[in-house]
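Every number in this text was worked out from the coordinates using simple rules, so none of it is lab data. Please read all numbers here as calculations on a predicted model, not as lab measurements. Neighbour counts are summed over all protein chains in view; Cβ atoms, including those assigned to glycine, are modelled from backbone coordinates with ideal geometry.
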Ligand code: MG
Ligand code: MG
């Protein structure tokens, strides 16, 4: 399958979906509290997506039950919302997606609750920064593998972290998961050239220990095999017709963060 190329009009719709995802994650960040069940967060996400005119792309995805994924501590991604209660010091990773008029948005954040272990805070900070470095490396005309290289390069410069190998970023558009798969590691200069009209979800997943994972008996939750804590950040971005990127799921389009990395964001969706 070739990589889907979007028109400016289609990217405008993707921005609406992405903004709804970004706003929903902001609401969840403000809402999450110690003592809360993870399914309470799911209800907040579902009602906000509905209020914003979207539908969930996660709910029913290969049988997944939930509007968001909530993954705590050694759970890294794909945790199912349920009766689990959030505790002091937890690392809570929330992955959220939405569809508007057939176009998808997908983003994720990790949040530390209460008395967070400084090493866990650094884990989250490194993961988030690596995501931005990946986006900044994935500009118009770059090889796709430059993204994973930038992510790995930054993560390794910060300490001994495990970068998940079996999971990565992806193309996004009329479906949540499309070509190409985006590795979170690798060498520069390989893979397809990133072009105007492409949209990619960039999502590093790292742990304080091993990169090795297993899936729990619920058939979804991905945990580290050494029980080390994990973090997950994700944004969906696109290359606009002016050749500049725009982060569809960031409230400011990624303008502030990408400027600090020397990348100018497009004005075409503002
Ligand atoms: Mg996601
Ligand atoms: Mg994704």
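Structure notes:
- For segment 105-218, the Kirkwood estimate of hydrodynamic radius, built from reciprocal distances between every pair of different alpha carbons, is 14.7 Å.
- Once the gyration tensor of the Cα atoms in segment 11-50 is diagonalised, the equivalent ellipsoid follows with semi-axes of 23, 10, 5 Å, ordered largest first.
- Within a Gaussian network of the chain (alpha carbon springs, distance under 10 Å), most fluctuating of 166, 234, 75: 166
- Each Cα pair of segment 8-260 feeds into the Kirkwood radius, which the Stokes-Einstein equation turns, at 10 °C and 1.306 mPa s, into a diffusion coefficient of 89 µm²/s.
- Helices in the chain, meaning DSSP H runs of at least 4 residues, each add -39500 (n - 2.57). Divided by all residues, the mean residue ellipticity at 222 nm is -9500 deg cm²/dmol.
- Using the Cβ-Cβ distance between residue 187 and residue 268 with R0 = 41 Å, the FRET efficiency computed as 1/(1 + (r/R0)^6) comes to roughly 0.80.
- A simple spin-label model places pseudo-atoms 7 Å from Cα toward Cβ; at residue 119 and residue 177 they are separated by 3.2 nm.
- Modelled label positions at residue 251 and residue 64, each set 7 Å beyond Cα in the direction of Cβ, lie 2.4 nm from each other.
- FRET E, pair residue 83, residue 50, Förster distance 25 Å, beta-carbon r, rounded to 0.05: 0.60
- Net length available on complete extension from residue 26 to residue 166 is 47.6 nm, with 0.36 nm assigned per residue and the Cα-Cα distance removed.
- Here the label points at residue 218 and residue 34, each 7 Å from Cα along the C-beta direction, are separated by 2.2 nm in the simple model.
- Protection proxy ranking of 248-255, 109-116, by the mean of other Cβ atoms within 10 Å over each peptide's residues and highest first, is 248-255, 109-116.
- Residue among 215, 49, 172 with the largest mean-square fluctuation in a Gaussian network model of the chain, springs linking Cα atoms under 10 Å: 215
- For segment 32-129, the spread of Cα coordinates along the three principal axes comes to 42, 30, 24 Å, biggest extent given first.
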